[in-house]
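Below you'll find the structure, written out as structure tokens, and then a few comments.
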Amino acid sequence: MSSRRRRRCGRGQEVIRDRFIALQVAQQDASPLSGSVRSRQIGHLQASVVTSTPQIFTRTQKLASAADRDLLAVGLVDRGSGYLAQDGRDCFVSGGDFAVYDTSRPFTWAMSGDWRLRVYTWPRESIAISEAELQQLTATPVRTNAGVGFFMSPMLDRLTQSGAGMSGEGAVRLACEVAELTVTAAGEASGRWRAAECGAERLREIQAFIEAHLTETALTHDRIAQEFFISPRTLHRLFAQGGYTVAAWIKTRRLEACRRALGSSATRNLTINEIGSRFGFSTPAFFSREFTARFGVSPRRYRLENGCTRLD
């Protein structure tokens, strides 16, 4: 690379760093460097329009680690085309399509043609989403012809245009709402929400099956997994989303069934030990200990307080 071209790239890096974050900038061809950066602040949202010639922008691990601020960013390409790579995924965007990226981790933008990129950034800490969740959404194209992207793309475009002023409170609220919609759009595009809905529906089916088979001694995670044609690992993952293990859920539901039975007139002829044994508690001592730990009262005391005179 000639010294003149290095100087031009260096100047481009300075502009990008001052307006956004530190990036390595490389031209893709020998065309004259030209371009512009225009920004607008809306609350804690910065909306910018960047134009230039074919270039590659790289956020290295070293640059990300040395940064004093992290941003959630959206890149919308409405002229030329862009290639974004982050978190093991990559996508092409053009024609008003956009994608989310996170400046706390390495990424690459490769811009081709006479391009225009609209960039929207929020302080990372202002976005109510975990790092693990965000990593599922990056570098996924949000298309403008369907779904949330159909509504989002023209709205994002308007944010970079001059408009009537608004109050400080209004600007902050707008920035927050746009961030929420952006996360929703990326979640829809990635299929994350649909996968979560399918997982929740499957979990409800499994829980209903468990409820109907609480008296079966062979109600194990392997038995349940076979019933639903899934692996034991998938079964555990479904329950882990709710903070439970499969065994803990079964025990909780069995204890609840025992509690109902101990207070019901329909089972007053059964002994406490028979009720515990019916729902899988192998010994009276184990049943009494687990019941007391769960409900703060022994099975005997609970039955007495609910008017049943049979306490054996």
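Some observations on this one:
- A count restricted to the stretch 1-59 and to residues that are over 16 Å from Thr108 (Cα atoms), open to solvent by 40 Å² or more (accessible area, probe 1.4 Å) and modelled with pLDDT of 90 or more stands at 5.
- Whichever residue in the stretch 252-262 is open to solvent by less than 40 Å² (accessible area, probe 1.4 Å) and touching a residue at least 40 places away in the same chain (Cβ under 8 Å) and, among such residues, is nearest to the chain's Cα centre (by Cα): Thr252
- For the stretch 111-143, the candidate set comprises residues that are among the hydroxyl-bearing types (Ser, Thr, Tyr) and under 16 Å from Asp87 (Cβ atoms); within that set, the residue that is least open to solvent (accessible area, probe 1.4 Å) is Thr138.
- Residues satisfying the stated conditions in the stretch 83-107, i.e. touching a residue at least 24 places away in the same chain (Cβ under 8 Å), among the hydroxyl-bearing types (Ser, Thr, Tyr) and either open to solvent by 40 Å² or more (accessible area, probe 1.4 Å) or within 22 Å of Pro154 (Cα to Cα) (or both): Tyr83, Tyr101
- Residues being at pLDDT below 90 and exposed (fewer than 12 other Cβ atoms within 10 Å of the Cβ) - total across the stretch 209-221: 2
- In the stretch 276-306, residue nearest to Leu214 (Cα to Cα) [restricted to those that are of a type in the set (Val, Ile, Thr) and surrounded by 13 or more Cβ atoms within 10 Å (Cβ to Cβ)]: Thr292
- Criterion applied to Arg259, Arg303, Arg310 was being at pLDDT below 85, of a type outside the set (Phe, Trp, Tyr) and in contact with a Lys or Arg (Cβ under 9 Å, 6 or more places away or on another chain), and the one residue passing it is Arg310.
The values are calculated or read from the model by the stated rules, or taken from the named source; none is laboratory data. Predicted, not measured: the structure shown is a model, and the values here were computed from it. Positions of Cβ are backbone-derived with ideal geometry, glycine not excepted, and every protein chain shown enters the neighbour counts. Accessible surface is based on the protein model in full, side chains and every heavy atom, while ligands, DNA and RNA are left aside. Shrake-Rupley method; radii C 1.70, N 1.55, O 1.52, S 1.80 Å.
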